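Values in this text are rule-based calculations from the coordinates and carry no lab data. Every value quoted in this text rests on a predicted model; they were computed, and no experiment measured them. Using ideal geometry, Cβ is built from the backbone for each residue, glycine included, and neighbour counts are taken over all protein chains shown.
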Amino acid sequence: MADTSAAGAAPRYLRLDLNDNVAIVVNGFGLPAGTRFPCGLELLTRVPQGHKVALADIPEGDPILRYGETIGFARAAIRAGEWVDEARVVMPDPPALDALEIATATPAPQAPLEGHTFEGYRNPDGSVGTRNLLAISTSVQCVAGTLDYAVKRIRAELLPCYPNVDGVVGLTHAYGCGVAIQAPDAAVPIRTLQNLARNPNFGGQAMVLGLGCEKLIPETLLPPGAEAVVRMQDEAFAGFESIVAGIMATAEARLAVLNQRRRETCPAADLVVGMQCGGSDAFSGVTSNPALGYAADLLVRAGATVMFSEVTEVRDAIGMLTRRAANQEVGRALVREMRWYDDYLARGGADRSANTTPGNKKGGLANIVEKALGSVVKSGSSPIVDVLSPGERVRRKGLVFAATPASDFICGTLQLASGMTLQVFTTGRGTPYGLAAAPVVKVASRTELARRWHDLIDFDAGRVATGGMTIQEAGWDLFRLILDVASGREKVWADRWGIHNDLALFNPGPVT
């Protein structure tokens, strides 16, 4: 099939369901008024790439259908061939949480997928990492500058002596003091920090740098009995150089242990893969997210743990998910997390409509309803076996919903705390997002983006839209890439450039 990313290519649109009364324009530069599609539909207005064109007349107040679902209602009459931009769409109310079907369409388990492995780092607790990193957490933001200085020294002076260690990661944040540490919602950032230190990529050797007078006691961030805490206010230290020397001595003891680790062949079942999307566009729900959903099903069939998240970006499609719950308990847990976040947004005087960004809209997404319908596709078709509150650690293998905000950085931080060892990040508009603690495979929804950002995007799913491959073929290719990246055989672009985002805690508790 012709590459529709080029100017002058035959006009094409994508209709996802036979009931849809809108479709999205595929052509890379959009299409001008007067363009006629092979079906006979003529554009009455210019329509940009990824934006919706009405396939039939839509009277005022009638539903606008995409994915076979109502994404809104016509603000005024829309004629066939007109651009259906966001201003013409009235957003519907969110699904009521008290009337959802729960576990009524639990998918049957798919055939196991055997024989797939990766080269990982086994840990004493049974978990398996994809990296071998020294992690140094902080118990309070006050010490972040000191840690940054110490990390530079560790990289320059110590790491060359321990060649089997991939690097050192500072887990800095803006928490620990000036906060209501006993408030109920403080449990979220505290357990996040505790579970971050337990991430499998850190090999059980994380350490903590504290100040000494903060509310968050450094020892609470490590397992009982761990002796890897350095306090700057300790009277044994005389000056800054002495403090840094203490940090480096503690770090060197941990490096010596980590340096003994070696990659070994592990079943794909030992992977914990996180999924996220950012800078989404109208193609995300057509190419990259379905391809990732297919790969997620393959991972689940191989016995792995796969997490999807972002409460606001599933809220309007929650009925599709509760029906897929493995049982009533899981379905009720999904509703619980949706209700908690509804209440959280209401307390802040916001609602779900605040999620959709200017870039999302420029990429053709009219509102959060359309965005959510495209977002949940990356969860594939497996039953949902568990639900995690923000920052909780994974407990079961299979497809898991890990509740997080949609913010890229907070979601990534919380998935790391849940035990993620590799993340797949889909994007339509593009992002340089990366994590120092785990590799991030970035998947483009459009071939045009993948070509333009050839040294930032790791996988081009846009070929699904142009006919270059099927969703199944893209899913298999992505599955194999995940195993290669987890094994260290392939390096993602963010890691080649060394571009990594800071961690960002989710702190819904009060600041004092």
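Among residues other than Leu483 with Cβ under 12 Å from its Cβ, the summed charge is -3 (Lys and Arg +1, Asp and Glu -1). Farthest toward the positive end of the dipole of the chain, out of Ala183, Val165, Ile410, is the Cα of Val165, where the dipole comes from beta carbon charges about the Cα centre.
Take the Cα of Ala187, step 7 Å toward its Cβ, do the same at Ser242, and the gap between the two points is 4.2 nm. Given their separation in residues at 0.36 nm each and the Cα-Cα distance between them, Arg339 and Glu101 gain 84.1 nm when the chain is fully extended. Taking amide H as placed 1.01 Å from N in the peptide plane, Ile64 has its amide H under 5 Å from the amide H of Ile71, Gly72, Phe73, Ala74, each at least 5 places away in sequence or on another chain.
Taking amide H positions as modeled 1.01 Å from N, with prolines and chain starts lacking one, the residues under 5 Å from Val179 and 5 or more places away or on another chain are Thr512.
If the chain linking Ala76 and Lys215 were pulled fully straight, counting 0.36 nm for each residue of separation and taking away their Cα-Cα distance, it would gain 44.4 nm. Among the lysines of the chain, pairs at least eight places apart or on separate chains and with Cα atoms under 24 Å apart come to 17.
Ordered by the count of other Cβ atoms within 10 Å of each Cβ, fewest first, Tyr294, Tyr13 give Tyr13, Tyr294.
Within the shell of other residues whose beta carbon sits under 14 angstrom from the beta carbon of Asp386, the net charge comes to +4, with Lys and Arg scored +1 and Asp and Glu -1.
In this calculation the C-beta distance from Lys362 to Glu329 is compared with R0 = 51 Å, giving a FRET efficiency of 0.80. Spatially, region 429-443 and region 381-423 are offset by 16 Å when compared through their Cα centroids.
Computed from the C-beta positions of Asp234 and Ala354 and an R0 of 51 Å, the FRET efficiency is 0.70 to the nearest 0.05. Sparsely packed loop sites in region 40-147 (the GluC sites (Glu not before Pro) outside DSSP H, G, I, E and B with at most 16 other Cβ atoms within 10 Å) comprise Glu60, Glu101, Glu114.
Model label points for Arg15 and Trp497, set 7 angstrom from Cα along the Cα-to-Cβ axis, are 4.0 nm apart.
The phi torsions of region 9-14, fed into the Karplus equation with coefficients 6.51, -1.76 and 1.60 and a -60° offset, translate into couplings of 5, 4, x, 9, 10, 10 Hz, rounded to whole numbers, with Gly and Pro shown as x. Each part gets one Cα centre, and for region 178-240 versus region 455-512 those centres are 30 Å apart. The amide H of Val424, built 1.01 Å from its N in the peptide plane, has Gly274, Met275, Gln276, Val441 as neighbours under 5 Å, considering only residues 5 or more places off or on other chains. Stretching the chain fully between Glu114 and Ser381 yields a gain of 94.2 nm (0.36 nm per residue, less the alpha carbon separation).
Summing charges over all other residues whose Cβ lies under 10 Å from the Cβ of Gly129, with Lys and Arg as +1 and Asp and Glu as -1, gives +2.
Between 0 and 90 degrees, the angle of helix 144-153 with respect to the longest Cα principal axis of the chain falls at about 80 degrees. Put simply, when 214-221, 23-30 are sorted by average Cβ atoms within 10 angstrom per residue, most first, you get 23-30, 214-221.
Annotation: the residues Thr322, Thr287, sorted from fewest to most other C-beta atoms within 10 Å of their own C-beta, follow the order Thr322, Thr287. Within the chain, the percentage of alpha carbon pairs spaced more than 40 angstrom apart rounds to 25%.
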